[in-house]
Amino acid sequence: MRYREALNSALREEMARDPNVMLMGEDIGVFNGAFKVTAGLLEEFGEKRVRDTPISENTIVGMGVGAAMTGLRPVVELMTINFSLLAMDQIVNHAASIRYMFGGQVKVPLVVRMPQGAGHQLGPTHSHSWEALYLHVPGLLVAVPTTAADAKGLLKSAIRDDNPVVFIEHEYLYGQRGEVPDDEDFTVNFGEAAIRREGADVTIVGISRMALTAARAAKTLSEEHGVEAEVIDPRTLRPLDLDTILASVRKTNRCVIVEEGWPHGGVGANLSALIQEQAFDDLDAPVQRVTGADVPMPYSKALEQLAFPHEPQIVDAVLATFRDRTAS
Amino acid sequence: MTERVAPSTQPAQLPEPEAAIEWLNTMMLIRRFEERAGEMYAKAKVGGFLHLAIGEEATIVGSTRALRDRDYLISTYRSHGHTLTRGSDPNHVMAELFGRVDGLCKGRGGSMHMFDLERRFMGGYGIVGGNLPLAAGFALASDYLGTDDATLCQFGDGASNQGTFGETMNLAALWSLPVVFMITNNQFGMGTSLERHSAVTDLLRKGEGFGVPGMRCDGMDVVDTYNVTTEALKIAREERRPVLVEALTYRFRGHSMADPEEYRTKEQVDEWRKRDPLAVFGDQLVAAGMLDEEERARMDRETMARIDESVAFADASPHPAPTALYEDIYVLGDQVRGWYSVDERTPTPHRGEDEHSMDSADLPRSAEHTGSHPVNEATPKPADAAQQGED
């Protein structure tokens, strides 16, 4: 099953399971979704539950917040994570804060889905990776599924959860295939990292698509350098399964964090701080970060490919953790 | 500058005596509550910003008395009156201003963020225009769930310039939502007068291009406000069409307590004060024989006593315990059992609420001593600084 089909089946199953689950978004109905994630759902569930919206990101998210406060479980689709900035007020000032600032009187069971990622030459307003922006915000849950199974399992969990969830998909991953359990009760819990590959020599944490790139790098490291990497996909960033990451680091004594987003204030910046706070004595080398370039995303294919991490950079970063720093 | 004092309407039919007295009483409660809140602010019992609605009581009470109990009300950062008119206990509203555990929101929201779910007061919000999409969301849920509940969304004239205004009007009309949008036009977006902030000053017309018809009421007249809002709610509820109501009113006090009021003349304020809704409506009831002056004075004394009680209650209510800092951020359950949060008082990350059961004695240092958030009754209120960065 493809990643987009897995998402589609999660939406379909949850809509069938709970009549108060409803969808809103630009072109999700008649058009079947910009990335076809919602294909067929309008036909199946009707206009009341699958709503095409005008291009008004802040307001459709805000309506989702309001509807979530008063009994519905809305799932709002935004066409890209870049467009979610138009809804930042409703996501951060409202969805994330409302429960806390109103003393726990109300909950906001809202899911806001959005794809991110570079590689399609969409330039600087459609290609960024911004999980770090949402990771920053207490009150939100943040999911970054990589596989088709996780896309389905996490989306089902997100819809059933009573907290606002920023659910970050990846444009490159929509077409990727993967095994998905054929079970309507299959879900993936937030806060449980997946170990994609076991290894004793180095821990590589890959975020979103970078978990796949990291797995390819791990294969190269094994075949060409004799380094056995353990690859961890956190799957959710809030809550974060730090225990699994720390356990791995304590075993391997080395860690490389790979993300597509910007370096400053990124997921890796945060995670490396947590690792050095918790496992400093277990580290044999500084935590390495491999990140997207610190630039707005360029259009040119040649430049765009330079602007997000690829396998060789990960291999280099891993090898750097083995370099004898006293020799230089 | 055009004076926007609303033309006096035809003397409207007063409601039944019981209702009329209750309306007056509620307006009085709001007025006296806010006057006292202002005093408490001056004494540094209340922190942050304090936006008073003194002068706008007829708009608040007239509009909300048109609601059914199950209807939703949502308002702005100027919302003490809105939560009181819905029946919130003044003790808990005052305690919220004091930032105490018995506050409506356990002291987390403060003046700008009142909320009383039980009474369907769906909140005061600090982001101008941020509450409009939420209101449309409530109406969407009401419609979706097949109820005949309606939503009344109040916001100021300044909010009619936000993007969410146009976006929400369009969506509410497009989706036939049972919501009434009420612009509390108090003539100023903070310190910028209506003529200086809106190209169209007949604000009731600002929804027309989005398919939302406009109505206007005299927001200084509780009966007119009630009548117009009732009609608007009927359209919203029965015809499933949103309506925009402009209530012409005026705040007698500054935008917030930190407002030197250099943008308007004393004469203009005095002119509006002649139409003080509390005085005018009280006089109407006396003239109609529903009330005598002695009874009116007794009501006022009882209201003052009620406010005294709320201040004593708030003062006696404890400050939130340090552990409350991490409560109510998330709903914990089967799917989300906790989360890593970095406690700024210690480098040790701790998992979520369910494992966060430390006593205050266990804290590395007491919250009482965190320099950036002093719990200090005598905190000075720098008026200039307080105005910085406000909406």
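Of note:
- Taking each residue of the stretch B:117-134 that is under 19 Å from A:Ala87 (Cβ atoms) and looking for partners that are part of a helix (DSSP H, G or I) and among the acidic types (Asp, Glu) with beta-carbon atoms closer than 9 Å, six or more apart or interchain, yields B:Ile127/A:Asp89; B:Gly129/A:Asp89; B:Gly130/A:Asp89; B:Leu132/B:Glu167; B:Pro133/B:Glu167.
- Out of B:Leu244, B:Leu171, sole residue that is within 14 Å of another protein chain (Cβ to nearest Cβ), of a type outside the set (Phe, Trp, Tyr) and within 30 Å of A:Arg49 (Cβ to Cβ): B:Leu171
- Unique match (being closer than 30 Å to A:Leu86 by Cα, buried (at least 23 other Cβ atoms within 10 Å of the Cβ) and outside the structural domain of A:Glu14 (by TED's automatic domain parsing)) among A:Leu237, A:Leu141: A:Leu237
- Set B:Leu140, B:Leu152, B:Leu177: member being within 29 Å of A:Gly103 (Cα to Cα) and either at pLDDT below 95 or more than 10 Å from chain A (Cβ to nearest Cβ) (or both): B:Leu152
- Entirely in the stretch A:60-173, the helices (runs of 4 or more DSSP H) that have 2 or more residues that are within 13 Å of chain B (Cβ to nearest Cβ) and within 19 Å of B:Ile127 (Cα to Cα): A:98-101
- Answer residue from the stretch A:151-163, given it is touching a strand residue (DSSP E or B) at 6+ places or on another chain (Cβ under 7 Å) and over 15 Å from A:Glu77 (Cβ atoms) and is surrounded by the fewest Cβ atoms within 10 Å (Cβ to Cβ) among those: A:Asp161
- Just one residue in the set B:Val245, B:Val212 is assigned to a strand (DSSP E or B) and of a type in the set (Val, Ile, Thr); that residue is B:Val245.
- For A:Ala215: the one exception among (1) touching a residue at least 24 places away in the same chain (Cβ under 8 Å); (2) closer than 30 Å to A:Phe35 by Cα; (3) crowded, with 18+ Cβ neighbours inside 10 Å: (1)
- Members of the stretch A:233-258 that are touching a helix residue (DSSP H, G or I) at 6+ places or on another chain (Cβ under 6 Å) and more than 12 Å from chain B (Cβ to nearest Cβ): A:Asp233, A:Arg235, A:Val249, A:Arg250, A:Asn253, A:Cys255, A:Val256, A:Ile257, A:Val258
- Among (1) free of Cβ contacts under 8 Å to residues at least 60 places away in the same chain; (2) away from every other protein chain (no Cβ under 14 Å); (3) closer than 30 Å to A:Leu72 by Cβ, the one test that A:Thr203 misses: (3)
- Criterion violated by A:Thr203 - all others in (1) among the polar types (S, T, N, Q); (2) crowded, with 24+ Cβ neighbours inside 10 Å; (3) more than 24 Å from A:Val92 (Cα to Cα); (4) outside the structural domain of A:Val267 (by TED's automatic domain parsing) satisfied: (4)
- Condition check for A:Arg289: charged (D, E, K, R) and part of a strand (DSSP E or B): yes
- Residues that are closer than 29 Å to A:Met63 by Cα and among the charged types (D, E, K, R) within the stretch B:90-128 comprise B:Glu96, B:Lys106, B:Arg108, B:Asp116, B:Glu118, B:Arg119, B:Arg120, listed in sequence order.
- Residue identified as touching a Lys or Arg at 6+ places or on another chain (Cβ under 7 Å), modelled with pLDDT of 95 or more and among the aromatic types (Phe, Trp, Tyr) among B:Phe33, B:Phe115, B:Phe98: B:Phe98
Results for (1) within 12 Å of another protein chain (Cβ to nearest Cβ); (2) basic (Lys, Arg); (3) part of a helix (DSSP H, G or I), shown as yes or no for each residue.
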{"position": "A:Leu11", "(1), (2), (3)": "no, no, yes"}
{"position": "A:Ala16", "(1), (2), (3)": "no, no, yes"}
{"position": "A:Pro19", "(1), (2), (3)": "yes, no, no"}
{"position": "A:Asn32", "(1), (2), (3)": "no, no, no"}
{"position": "A:Lys36", "(1), (2), (3)": "no, yes, no"}
{"position": "A:Asn58", "(1), (2), (3)": "yes, no, yes"}
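- Checked against the criteria, B:Asp259 counts as crowded, with 16+ Cβ neighbours inside 10 Å and modelled with pLDDT under 95.
The values are calculated or read from the model by the stated rules, or taken from the named source; none is laboratory data. If you're wondering where the values come from, they're calculated on a predicted model, not measured in any experiment. Note that we place each Cβ from the backbone using ideal geometry, even for glycine, and neighbour counts take in every protein chain shown.
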